[in-house]
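One structure is given here, and the rest of the page talks about it.
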Amino acid sequence: MTTTQRPTEHDFRRLFELRASLRRFLRWSEDQARAVGLTSAQHQLLLAVHGHPDADGPTIGDVARYLMLRPHSAVGLVDRAMAAGLVERVPDPERPGTVRVHLTAAGSERLEKLTALHLEELQGLAPSMESLWRRIRLQGELDG
């Protein structure tokens, strides 16, 4: 479908299928985080810290951008995660006044468990998601 065409019933159905699948996965993910004693936001924080490309770790500003939070909300999330023993703040030796966020051993352990579960779940979802993406791509080619 191009932007000048009206959406078809198939377009609405595909969008519904995609959103419903994503929402089911997110709900499942939230449940898994709770099962290991984390909030969904804490799980996202741990992923943002571990997945940060700089070995020094992300700054609070980086965390805020990754999680689409306001800086003060990111500070609060990091504070709560610190209180739970999941992360720590570490001064950046090369940039005075800059603080980096690092995972603790407990944070790393929980993230590793959750990541293994998520990768397994995604393996199971891959065939249905690939089929949905193929249908979306094919319809786009037919409409284009």
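Quick notes on this one:
- Distance distribution note for segment 83-144: the fraction of Cα pairs above 18 angstrom is 64%.
- Maximal additional length on extending the residue 16-residue 31 stretch stands at 3.2 nm, based on 0.36 nm per residue less the C-alpha distance.
- Between residue 132 and residue 68, the contour length at 0.36 nm per residue exceeds the Cα-Cα span by 20.3 nm.
- 3J(HN,Hα) along segment 96-109: x, x, 9, 10, 9, 10, 10, 6, 8, 4, 5, x, 5, 5 Hz, from the Karplus curve 6.51 cos²θ - 1.76 cosθ + 1.60 with θ = phi - 60°, whole Hz, x for Gly and Pro.
- Peptides ranked, highest mean first, by Cβ atoms within 10 Å: ranges 121-134, 53-66, 88-101: 53-66, 88-101, 121-134
- Each of (i) 25; (ii) 47; (iii) 32 is a candidate for percent of Cα pairs over 24 Å apart; the one calculated from this structure is (ii).
- Counted residue by residue at 0.36 nm each, then reduced by the alpha carbon distance between them, the extension gain from residue 95 to residue 54 reaches 13.4 nm.
- Of the trypsin sites (Lys or Arg not before Pro) in segment 1-62, those whose Cβ has at most 13 other Cβ within 10 Å and which sit in DSSP loop: none
- Table column - 3J(HN,Hα) (Hz), segment 65-72, Karplus curve with 6.51, -1.76, 1.60, x for Gly and Pro: 5, 4, 9, 6, 10, 6, x, 5
- Built amide H within the under 5 Å cut-off of residue 100, gap 5+: 90, 92
Computed from the coordinates by the stated procedures, all read-outs in this text should not be read as laboratory data. Bear in mind the structure is a predicted one, so any value in this text is a computation, not a measurement. With ideal geometry, Cβ positions are generated from the backbone for all residues, glycine too; neighbour counts draw on all protein chains shown.
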